[in-house]
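Heads up: the structure comes next, in structure tokens.
The values are calculated or read from the model by the stated rules, or taken from the named source; none is laboratory data. Here the structure is a predicted model, which means the values were calculated and not measured. A quick note on method: Cβ atoms are made from the backbone with ideal geometry, for glycine too, and the neighbour counts reach across all protein chains shown.
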Amino acid sequence: MSQQTNSSSSNAQSQIKYESLNRRIIRKFKEQPLIPLGMFATVFALVGATIGFTRGDSTTMQRFLRFRVAAQGFTVVALAGAPVYYQINRYIKKNQN
């Protein structure tokens with residue numbers, strides 16, 4: 001009996017598919033597109049602030065730093081809100097059937 005259990009569990013393990021890192025990143029970006037958008041906006045703001053700092057333009061630097069705060073806030077809200085949104089969607093679809 002234990003041999004049957006072991007053989008069935010080994011079959012289940014061999015059927016597990018592993019995805020590469022690139023494919024996983026692309027899949028995650030497609031599942032939750034707002035998070036990478038917020039990340040790229042944050043990086044854009046940091047690069048802009050750095051350029052403003054190196055040029056000595058404090059007004060530009062301050063604007064980009066304020067934009068960075070907004071972009072980071074957007075990213076945090078997307079990180080916290082996306083799982084809740086998708087869970088509610090799954091619950092609604094499950095109950096419709």
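Restricting to the range 41-77, and then to whatever is assigned to a helix (DSSP H, G or I) and among the charged types (D, E, K, R), can you tell me which residue is nearest to the chain's Cα centre (by Cα)?
Arg68
Within the range 1-49, the residues that satisfy the criterion of being modelled with pLDDT of 60 or more, farther than 30 Å from Arg90 by Cα and exposed (fewer than 13 other Cβ atoms within 10 Å of the Cβ) are Val43, Val47. The set of residues in the range 50-97 that are closer than 14 Å to Leu37 by Cα and among the charged types (D, E, K, R) contains only Arg68.
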